[in-house]
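What follows is a short report on a single structure.
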Amino acid sequence: MTEARALCFGTKVMAYGLAEVERLLGARRLQWRPSAGKVSQLLLDSRSIADPKGGLFFAIVGDRHDGHRFIEAAYRAGVRQFVVSREVSLEALPEASVLLVPDTLEALQALAAHHRRQFGLRVVGITGSNGKTIVKEWLARLIGHRERVVRSPKSYNSQVGVPLSVWGIGPEHTLGIFEAGISRMGEMARLARIIQPDIGIFTNLGPAHREGFPSDEVKLQEKMRLFDTAHTLIFCADHPLIAQAAQQWASEKPGRRLFSWSRNGQPANVVFTDIKPKAIGQGGLSFRMEWQRAKGIVERHRFTLPFDDAASLENACHCIAMLLVLGMPARTFGQRLRHLEPVDMRLSWKTGINRCALLDDAYSNDPASLRIALQLARQHWPEGPLTLVLSDFLQLGPGKKRLYAEVARMLQAYRVGRLLGVGADIRWLSQMLPADVQTAFYPDTSALLQDLGQHYFHDELIVIKGARTFSFERIVRRLEQKAHRTVLEVDLNAMAHNLQVFRRRLQPGTRLMVMVKAAGYGSGAVEMARSLAVHQVDYLGVAYADEGIELRQGAVRLPILVLNPEPASFDAMMRYHLEPEIYSLSLLDEIIHAVGKHRALSVHLKLDTGMHRLGFTADDLPEALARLRQHPNLHVQSVFSHLVASDDPQHDAFTHAQAAEFIRLYETIAQALGIRPLRHIANSGAIARFPQYHFDMVRLGIGLYGVAPEPLGSELRPVHTLKATISQIKHVPAGDTVGYARKGRVDRPSRIATISIGYADGLLRLAGNGRFSVLIRGQQAPTIGNICMDMAMVDVTDIPSAREGDEVIVFGQKPTLQDLAECLHTIPYEVLTNIAGRVKRVYWQE
C-alpha cells in the first residue's frame with residue numbers, strides 16, 4: 001500500500017475551527033460558508049472518503065498527481081472544506097468553504113506541526129537507511145505496558161505520511177514514536193518541524209536514496225536535521241560517520257546528550273559482547289550487555305533474541321538503548337526481548353472462500369491502522385458487503401471507551417455490515433452500533449473459530465484486523481480459498497489429546513521424544529514441532545540433517561536427534577546444534593575426523609538388538625568405546641535401540657529378548673565410559689504395551705497421529721483429515737465406461753463425480769475400481785475406474801444431494817486412515833508420507 005491510496009486521518013480528541021485553521025495557515029478565503037465547522041480529519045484522497053464530517057481536503061500537488069483534479073469528487077462525497085493552492089471553479093462547490101495557500105503540502109505540514117505543539121508528551125524521532133519501522137514497532141511492543149504509545153502507522157514516514165501520523169496524537173498518549181524518511185535535499189527540515197522529537201534514534205546509513213544526495217556525508221547531515229530539537233541522540237558507535245556526526249551535533253548546543261552502543265568494542269554507553277547462537281539451537285542469538293549506568297556502576301545482563309540475523313540484532317540493540325534512556329530497569333528486558341516477533345507491515349489481499357476477498361492485516365491493531373485498512377477496503381470494494389473481524393485494541397489506557405465510540409463511528413462511515421469482535425473490551429461496540437450492523441462477540445480467537453461455521457460468508461469483502469496476540473492468522477487460514485482444492489487438515493487439538501494419552505502411561509520421570517521425520521509424517525514438520533514445543537516434549541527426532549535444519553530455521557529450539565546422519569552434513573549439524581545418531585565404527589570415525597578433539601558434539605549411540613538395520617553389535621562395542629574414551633568431547637547423550645514388533649503379541653518373546661540384550665549392552669557402555677546416558681527403546685507400540693521398557697525416555701511416532709495398538713488405540717483421536725472436492729458430476733448411461741482402459745463399467749444410469757485428488761496427491765491406484773469409498777454428505781461413494789494422476793471418479797448415484805463443489809472426505813473420522821492403508825495393502829505410515837507436497841496443510845486448533 002502506498003500512502004497516496006488511503007490518506008484520511010482523523011482525531012475526535014481535538015478539533016480546530018476552520019477560521020482557526022485559516023489563521024494558522026495564513027490562508028486567503030476563496031469562498032466561505034457559514035456552515036464551516038470543525039476540522040478533525042485530514043483528507044487527501046477522494047476515493048477513501050467514508051465519513052466527510054469534520055474533513056478538510058488538501059489538494060496536494062506532486063510529481064505525478066494533482067489533487068485539484070479530484071476536488072469535485074471529494075465534494076460529491078460530502079466534503080465541504082478545502083485547502084487549495086490555485087484558483088478553482090467554485091460553481092461546482094456551492095456549499096463549500098475554500099482556503100487558498102501558496103503550497104498545500106506545506107500547509108498540511110504546518111497544521112500537523114501546530115497540532116504536535118499542543119501536547120507535552122515525549123516524542124521519539126527515528127531515521128536511518130534501514131530498520132526504522134521495525135525499531136518503531138518493537139519499541140511499541142517493548143514499552144507498551146508502561147506507556148500509552150502513539151506511533152506512525154505502517155511505514156508512514158514521508159512528507160505526507162509524517163503529518164498524518166502526528167495528527168493522531170491525543171491527550172491520552174504519553175509517548176510518541178515517529179519515523180522519518182527522506183529521498184532528497186531539504187526534506188528532513190520539514191519533517192523535523194512536524195515531529196519535534198525529544199529523543200532521536202539514528203539506525204544506520206546505507207545506499208538507499210543515494211541518487212538524491214551529492215554524497216553519503218551530505219545525506220548523513222541532512223538526516224541529522226531531524227534531531228534539531230532533541231536533547232538525546234541514540235546511535236551505534238560502530239558506524240564512524242554517524243559517530244562523528246553525533247559528536248558534532250552534541251557540541252553545537254549545551255545540554256545535548258549522546259547515548260551510544262557498540263558490538264565491536266568501540267567506546268560506548270552500552271557494549272554488547274559474546275554474541276553467539278543459542279546453545280540449544282539455531283534460530284536465535286544470545287548476547288551479553290554491559291551498561292555504564294553511572295560512574296563506577298556497571299550493569300551486566302545476558303539477553304536472547306528469537307532471531308539470528310545481523311539486522312535484527314542491530315534493531316534490538318537500538319531498542320535496548322532506548323529503553324535504558326526511558327528509564328526502564330534492564331533486568332526487566334529479557335522476557336520481552338525473547339518474545340519479539342517479526343514485523344509484517346503489509347496489507348495483503350487473498351482469495352477467500354465462496355467468492356469472497358480477504359484483506360489480511362492480522363498482525364497489528366490500533367485505530368489509525370484500522371482506518372487505513374477500511375479505507376483501502378472501500379477503495380477496492382466500494383459498494384459490496386463488508387465484514388470486519390476485529391480484536392480488542394490493546395494498551396489504550398484511560399479513555400478507551402471514548403475511543404471505541406470513535407471506532408463505532410468509523411465502522412458506520414465505511415459501511416461495515418457485519419462485525420465479529422474478539423476480546424473483552426470490544427463488546428462495548430454492541431451498544432454503539434445501529435441495529436442494521438450484524439454483530440457477534442467472542443472472548444478469544446478459539447471461541448470464534450469454534451463458531452465460524454455458523455457465519456455464512458459469500459460474495460463479500462472480509463477485513464481481518466487484530467492485534468498480534470490474538471493470532472488472527474488462524475482465521476485467515478480458515479477463510480482463505482485453497483489454491484489446490486485437496487487439503488490435509490491437521491487437528492492440533494487431537495494431537496495434544498493423543499500426546500496426553502501417551503504421557504499418562506509413562507513411568508514417573510520418563511522423558512518423551514517425538515518423531516517428526518518425513519515432514520512430520522506428512523503433517524508439516526515445522527508446524528508440528530512448534531506445537532510440540534508448546535506442549536513441552538523433551539526431544540524431537542528426524543531422519544536426516546536437512547529436516548533438522550528446517551526445524552532450526554523455523555525457530556524450533558528443542559534438542560533434535562538425527563537418525564541418519566551423513567558425513568557431508570556434519571558441519572551443518574554442528575552449526576545448527578543437531579545431535580547425530582552413531583551406529584557404526586566407520587560413522588564414528590567420520591565424526592571424529594570432522595569434530596577433532598576440541599569441538600564438542602552431543603551424540604547418541606544406536607545398538608542393533610534384533611532389527612539388523614542400523615546399530616552397533618556387541619562385537620563392535622569394544623573398539624567404539626575405546627575411541628569414545630579418547631574423544632571425551634563427544635558427549636554421549638543417550639543409548640537406544642529399535643524394537644521390531646512391539647505392537648504384535650505373537651512376537652512378544654522376541655521383544656523381551658531385545659530388551660534384555662539392550663539392557664546388557666547398555667551396562668557395558670555405562671561401565672566403560674563411566675556415565676549413564678539416557679536409555680530408550682520403547683516406540684509407540686511399546687509405550688502402550690510394555691511399561692517396563694519405558695526406561696529414561698520413550699520415542700513417540702505414529703501413535704501421536706492416532707494409530708496405536710490396544711489398549712490405547714480406542715483412546716486416540718484421528719489427527720488427519722484428507723479432503724478433496726467434487727470438480728464435476730456427469731450422468732453416464734448404462735453400458736458406458738469411466739476412466740482409463742475402460743475399467744469402470746457402468747451397470748445402470750449413474751451420476752459419476754470427478755474429485756480433485758489422484759495418485760500424485762497420495763490416493764494410489766490400488767484404491768480404484770470400487771476397492772475404496774470416500775465420504776460425501778455423510779454417505780459412502782465408491783471409486784469407479786482407475787485412479788488418475790490428478791483426479792479420481794466416484795459413484796454418487798445413491799447420493800442425490802451431491803453437488804459440484806461439495807467436500808469429499810478421503811480419510812478422517814470415517815473412513816479412517818487405517819481403512820485406506822488396508823485398501824492399499826500398506827501401513828498408515830506410508831499413506832501419510834505419500835501425501836504430496838502440493839496438498840495444502842491446514843492446521844486447526846480450537
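The values are calculated or read from the model by the stated rules, or taken from the named source; none is laboratory data. Note that the structure is predicted; figures quoted are calculated from it, not measured. Quick reminder, even Gly has a Cβ in these numbers, built from the backbone with ideal geometry, and neighbours come from all protein chains shown. Areas reflect the complete protein model, heavy atoms only, side chains present, ligands, DNA and RNA absent. Shrake-Rupley method; radii C 1.70, N 1.55, O 1.52, S 1.80 Å.
Things to note:
- Degrees between helix 652-673 axis and first principal axis of the chain (Cα, 0 to 90, nearest 10): 70 degrees
- Förster radius 45 Å - calculated FRET efficiency between Asn354 and His535 (Cβ-Cβ, nearest 0.05): 0.85
- Heavy-atom surface analysis with a 1.4 Å probe gives the stretch 86-169 a carbon and sulfur content of 46 percent of its accessible area.
- Using the alpha-carbon positions of the stretch 66-215, Rg (one decimal) and Dmax (whole number) come out as 17.8, 53 Å.
- The stretch 82-135-the stretch 621-673 distance, computed between alpha-carbon centres (Å): 75 Å
- Cα-based helix-to-principal-axis angle, 240-251 vs the chain, degrees rounded to 10: 40 degrees
- For the stretch 138-286, taking Cα atoms only, Rg and Dmax work out to 16.9, 50 Å respectively.
- Stretching the chain fully between Met14 and Ala645 yields a gain of 219.6 nm (0.36 nm per residue, less the alpha carbon separation).
- With a simple spin-label model that places each label point 7 Å from the Cα along the Cα-to-Cβ direction, the separation between Asn834 and Ser602 comes to 3.6 nm.
- Spin-label zone in the stretch 214-229 - amide nitrogen under 17 Å from a point set 7 Å from the Cα of Leu241 along the C-beta vector: 214-226
- Rounded if a/c under 1.5, otherwise prolate or oblate - the stretch 427-506, Cα gyration tensor axes: oblate
- Note on Arg23 and Ala741: their simple-model spin labels are 9.2 nm apart, each label 7 Å out from Cα toward Cβ.
- Taken as Cα centroids, the stretch 478-527 and the stretch 570-613 sit 28 Å apart, rounded to the nearest whole angstrom.
- Angle in degrees between helix 585-595 and the longest Cα principal axis of the chain, rounded to the nearest 10: 20 degrees
- Label-to-label distance for Arg511 and Asp790 is 4.7 nm, based on points extended 7 Å past Cα in the beta-carbon direction.
- Bridge type composition, the chain - antiparallel percent by DSSP, nearest 5: 40 percent
- Altogether, the Stokes-Einstein calculation at 25 °C and 0.890 mPa s, with the Kirkwood radius of the stretch 184-254 over Cα pairs as Rh, returns a diffusion coefficient of 197 µm²/s.
- Taking the average, over residues, of other Cβ atoms within 10 Å as the packing measure, peptides 736-743, 168-175 rank 168-175, 736-743 from highest down.
- Ellipsoid semi-axes for the stretch 30-146, based on the Cα gyration tensor and the rule √(5λ), read 33, 16, 14 Å when sorted largest first.
- The peptide list 418-427, 543-552, put in order of mean Cβ contacts within 10 Å with the highest first, becomes 543-552, 418-427.
- Per-selection metrics, the stretch 698-798 (Cα): Rg and Dmax in Å: 16.5, 57
- Once the Cβ-Cβ distance of Glu804 and Gln780 is raised to the sixth power relative to R0 = 25 Å, the FRET efficiency obtained is 0.85.
- Among the trypsin sites (Lys or Arg not before Pro) in the stretch 555-655, those placed in a DSSP loop whose Cβ has at most 16 other Cβ atoms within 10 Å are Lys597, Arg599, Arg613.
- Mean Cα-pair separation over length for the chain, i.e. relative contact order, pairs under 8 Å, 6 or more apart, %: 8 percent
- Lys/Arg +1, Asp/Glu -1 at C-beta; the stretch 40-167 dipole; positive extreme among Pro102, Ala73, Ser40: Ser40
- Take the chain with all the other protein chains still there, run a 1.4 Å probe, and you get 42 Å² of accessible area per residue.
- Whether the stretch 547-689 is rounded, prolate or oblate, judged on the alpha carbon gyration tensor where a/c under 1.5 counts as rounded: oblate
- Think of the chain as having a plus end and a minus end, set by charges on the Cβ of Lys, Arg, Asp and Glu; of Leu370, Ala802, Asn130, Leu370 sits farthest toward the positive end of this dipole.
- Measuring max minus min along each principal axis, the C-alpha atoms of the stretch 571-616 give extents of 34, 18, 13 Å (largest first).
- Looking at the stretch 197-250, none of the chymotrypsin sites (Phe, Trp or Tyr not before Pro) sits in a DSSP loop with at most 15 other Cβ atoms within 10 Å of its own Cβ.
- Considering the stretch 534-627, its Cα convex hull presents a mean projected area of 6.8 nm².
- Normalising by residue count, the chain has a Cα convex hull of 214 Å³ per residue.
- Using only alpha carbons, the stretch 83-137 has a radius of gyration to Kirkwood radius ratio (Rg to Rh) of 1.20.
- Loop-resident trypsin sites (Lys or Arg not before Pro) (DSSP state other than H, G, I, E or B) in the stretch 431-529 with no more than 14 further Cβ atoms inside 10 Å of their Cβ: Arg504.
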